[in-house]
Amino acid sequence: MTGSADERLAAAQRQFDEGGGENRLIRLIASGQAPLSVIGKLAAEQHRVITSDWRAFLTLAARADEPNARQFFSGLAAGEAVALERVAVLARHCGMDADAVRAYRTQPGCQSYPSYVASLALNGDPLDVLVTLVAGFGGWGGYCASASRGLREHYGFDDEGCGFFDLFADPDPSGAQLATAAVDAGLAAGWTGEAVEDQIRLLQHYEHQFWNTLADLET
């Protein structure tokens, strides 16, 4: 992977987008065919994902030496605080209160993604991880936009009920600016990003595994 910061980030996004695999749950939500109970399980799974990612992003912020990368990860961690509040609202719209979310038993296929992110936070080069996550967030944002449209059109959800997905469907552009600045600084310091392609391949696999595990659940 070579080129300027913008070219590196664009190439990473293309790799994620073209990596193959189908998100079957999004297709079901978009067409109104996913049971509401499964969307509730998605919210309960996301509660665990968010709490894990929050810690992972704080770890990455602490490990990152480059100021823009540190600020990028700190911003992600702050966003998880908002996401945790909104996913609780999504769960309630699906009939799951806080007690039900706590009692929910997670699916291994849904928790592979945060486990991998946690591993990257401890073991990966922070700039490699930044580029990997940016590529993944592009795909995730598109899935969230599709979910928001489907919930409004087929399930009668209002803005409050769709708030979790809306949060990621329309991300703050300041994060992209920080990512570009961090990669620029890394390139100037000799960063090569040789682990990025393999990390993106694995992240995309775990992303699809999350959604498709839920798509396969019986109601």
For the stretch 65-157, give the magnitude of the charge dipole about the Cα centre (Cβ charges: +1 Lys/Arg, -1 Asp/Glu; no others), in debye to the nearest 20. 420
Out of all Cα-Cα pairs in the stretch 26-132, roughly what percent, to the nearest whole number, are more than 23 Å apart? 37
Arranged from highest to lowest average of other beta-carbon atoms within 10 Å per residue, in what order do the peptides 202-213, 61-72, 14-25 appear? 202-213, 61-72, 14-25
Relative contact order as a percentage, the stretch 1-160, C-alpha pairs under 8 Å and 6+ apart, gives 38
Principal axes first, then extents: for the Cα atoms of the chain, list largest minus smallest coordinate on each axis, whole Å, largest first. 51, 31, 30
What does the accessible area per residue of the chain come to in Å², with a 1.4 Å probe and no ligands, DNA or RNA counted? 46
Give me the extension gain from residue 160 to residue 177: residue separation times 0.36 nm, minus the current Cα-Cα distance, reported in nm with one decimal. 3.3 nm
Charge dipole (debye, nearest 20) of the chain; +1 at Cβ of Lys and Arg, -1 at Cβ of Asp and Glu: 520
Please report, ordered by residue number, every helix of the chain (full DSSP H runs) that is 30 Å or longer along its axis going by C-alpha atoms and whose mean Kyte-Doolittle hydropathy reaches -0.5. 36-63, 67-93, 126-154
What is the local net charge at residue 132, summed over the other residues whose Cβ is closer than 15 Å to its Cβ (Lys, Arg +1; Asp, Glu -1)? -4
Apply the Kirkwood formula to the stretch 96-157: the hydrodynamic radius equals the inverse of the mean of 1/r over all pairs of different alpha-carbon atoms; give it in Å with one decimal. 14.4
Within the accessible area of the chain, what % is carbon and sulfur when the probe is 1.4 Å and the other protein chains stay in place? 51
When you count, for each residue, the other Cβ atoms within 10 Å and take the mean per peptide, how do 189-198, 91-100, 46-55 rank with the highest first? 46-55, 91-100, 189-198
Taking a probe of 1.4 angstrom, what is the accessible area of residue 155 in Å², to the nearest 10? 50
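The values are calculated or read from the model by the stated rules, or taken from the named source; none is laboratory data. Bear in mind the structure is a predicted one, so any value in this text is a computation, not a measurement. Quick reminder, even Gly has a Cβ in these numbers, built from the backbone with ideal geometry, and neighbours come from all protein chains shown. With ligands, DNA and RNA removed, areas are computed over all heavy atoms of the protein, side chains included. Shrake-Rupley method; radii C 1.70, N 1.55, O 1.52, S 1.80 Å.
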